[in-house]
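Peer 1: Below are the structure tokens for one structure; questions will follow.
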Amino acid sequence: KMSREEQIINERKRKLAELRKIINPYPYKFDKKNFSKDIKDKFKKLRNNQKTKNKIKIAGRIVNIRNLGKLIFANIQDSNGKIQIIVQKGVTNEKDFNLFKKYLDIGDIVGVNGFVMKTKTGEISVLVKRLEILSKSLLPLPEKWHGLKDEEERYRKRYIDLIMNSEVKEIFDKRTEIINAIREFMNKKEIVEVETPYLQTIYGGALAKPFKTHLNALDIDLYLAISPELYLKRLIVGGYEKIFTISRNF
């Protein structure tokens, strides 16, 4: 007997096969102009039910859908947050409305053109005029409420972890900010950033047991870096006075 997940995947494959006859479900380009957070910040003072003439071009992954027949609400997630889109019969281009209703699922990526508005419940949204399917997803996302809890699974499938758990993305972003701050500090002190090899003929600087590999081109054994120390010392010998490296050690 087929599992629930297999049924979902087969249904999505069927939709994809039908879509290929109508459009390219994996276009190579969409010229995105706006981001969810910027839109929400800029238009937060709108009154409830107020529509604007501000044109928006945004793209993101569908994370939920509420289909009310002639009105479809969906939330899309881009690199800096989520925003609601409203696909409405008579407002959204008819072909696009039908494509959304018939073929789109949670996990798919869409690009939309539309206008900013605030709903009667006070949610900043994009009222969709045109819609484009940018990527049809075949695998379902984990159940929203159970999410991705298994620690092993989360680390093995970081891409799903990032989609489902926004706090993980914040950790990634903070890491970038920390490294940028270190670089900025060092640059101000005129300390030169250097790179040291990841693959080394002699592993040095620590007692750890190294990862060993073989370089076929030169027929030699190499080791993954345990420490950048020996190479930094060579640079000092060569005449550098102040250096730093943000190195990967294994």
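The values are calculated or read from the model by the stated rules, or taken from the named source; none is laboratory data. Note that the structure is predicted; figures quoted are calculated from it, not measured. Cβ sites come from the backbone with ideal geometry, for glycine too, and all protein chains shown count toward neighbours. The area values use the complete protein model at the heavy-atom level, side chains included, leaving out ligands, DNA and RNA. Shrake-Rupley method; radii C 1.70, N 1.55, O 1.52, S 1.80 Å.
Peer 1: Suppose a student asked you for the relative contact order of segment 105-187, using Cα pairs under 8 Å spaced at least 6 residues apart; what percent would you report?
Peer 2: Answer for segment 105-187 is 21 percent.
Peer 1: Given axes a ≥ b ≥ c from the Cα gyration tensor, I'd like to know whether segment 155-250 is rounded (a/c under 1.5), prolate (a/b larger than b/c) or oblate.
Peer 2: oblate
Peer 1: Between rounded, prolate and oblate, where does segment 28-114 land on the alpha carbon gyration tensor, with a ≥ b ≥ c its root eigenvalues, rounded for a/c under 1.5, else prolate if a/b exceeds b/c?
Peer 2: Cα axes put segment 28-114 in the oblate bin.
Peer 1: Which entry is the computed mean projected area of the Cα convex hull in nm² for this structure: [x] 15.7; [y] 13.4; [z] 21.6?
Peer 2: Label [z] holds the value from this structure.
Peer 1: Shifting gears a bit: Let me check against my output: what whole-number percent is the relative contact order of segment 1-141, with C-alpha pairs under 8 Å and at least 6 apart?
Peer 2: Here the relative contact order equals 29 percent.
Peer 1: Taking θ as phi - 60°, what are the ³J(HN,Hα) couplings along segment 128-141 by the Karplus curve (6.51, -1.76, 1.60), each to the nearest whole Hz, with x for Gly and Pro?
Peer 2: Each residue's phi maps through the Karplus curve to give 7, 9, 10, 9, 10, 7, 9, 6, 8, 8, 8, 9, x, 6 Hz.
Peer 1: Just subtract the alpha-carbon distance of residue 235 and residue 182 from 0.36 nm times their residue separation and send over the number in nm, one decimal.
Peer 2: 17.0 nm
Peer 1: Let's see if you can work this out: charge +1 on each Lys and Arg Cβ, -1 on each Asp and Glu Cβ, no other charges. What is the dipole magnitude of the chain about its Cα centre, in debye to the nearest 20?
Peer 2: Roughly 1780 debye, rounded to the nearest 20.
Peer 1: Heavy atoms of the protein only, probe of 1.4 Å, neighbouring chains included. What is the accessible area of residue 116 in Å², nearest 10?
Peer 2: The accessible area comes out at roughly 0 Å².
Peer 1: Let me ask something else about it. Between residue 121 and residue 162, what is the FRET efficiency for a Förster distance of 25 Å, r being their Cβ-Cβ separation, to the nearest 0.05?
Peer 2: After rounding, the FRET efficiency stands at 0.30.
Peer 1: Any chance you could check the Cα centroid distance between segment 173-229 and segment 81-154 for me, in angstrom?
Peer 2: Segment 173-229 and segment 81-154 have Cα centres separated by 42 Å.
Peer 1: Name the longest site-free stretch of the chain, where the excluded sites are GluC sites (Glu not before Pro) in a DSSP loop with no more than 15 other beta-carbon atoms within 10 Å.
Peer 2: Maximal segment without exposed cleavage sites: 1-122.
Peer 1: Sequence-distant or interchain residues sharing an amide H contact under 5 Å with residue 54, placed H: which?
Peer 2: So residue 54 has HN proximity to 116.
Peer 1: Then there is this: May I ask you to derive the relative contact order of the chain, considering only C-alpha pairs under 8 Å and at least 6 residues apart, and to give it as an integer percent?
Peer 2: Once normalised by length, the contact order is 15 percent.
Peer 1: For labels at residue 16 and residue 189 in the simple 7 Å Cα→Cβ model, what's the distance in nm?
Peer 2: The modelled label-to-label distance comes out at 5.2 nm.
Peer 1: On to the next question. Local charge sum around residue 72 (other residues, Cβ-Cβ under 10 Å, Lys/Arg +1, Asp/Glu -1)?
Peer 2: +4
Peer 1: Going 7 Å from the Cα of residue 243 toward and past its Cβ, which residues in segment 182-212 have a backbone nitrogen under 19 Å from where you end up?
Peer 2: Zone members listed by number: 183-184, 186-206.
Peer 1: Still on this model: With a cap of 13 neighbouring Cβ atoms within 10 Å, and only residues DSSP puts in a loop, list the chymotrypsin sites (Phe, Trp or Tyr not before Pro) found in segment 1-57.
Peer 2: 28
Peer 1: Any idea how far apart residue 202 and residue 26 come out in nm if each label point goes 7 Å out from Cα toward Cβ?
Peer 2: 4.9 nm
Peer 1: Sum -39500 (n - 2.57) across every DSSP H segment of at least 4 residues in the chain, then divide by the residue count to get the 222 nm mean residue ellipticity, nearest 500.
Peer 2: The helix contribution divided over the chain gives -10000 deg cm²/dmol.
Peer 1: Rounded to the nearest 20 debye, what is the charge dipole size of segment 180-232 about its Cα centre when +1 sits on each Lys and Arg Cβ and -1 on each Asp and Glu Cβ?
Peer 2: Using Cβ point charges on Lys, Arg, Asp and Glu, segment 180-232 gives about 180 debye.
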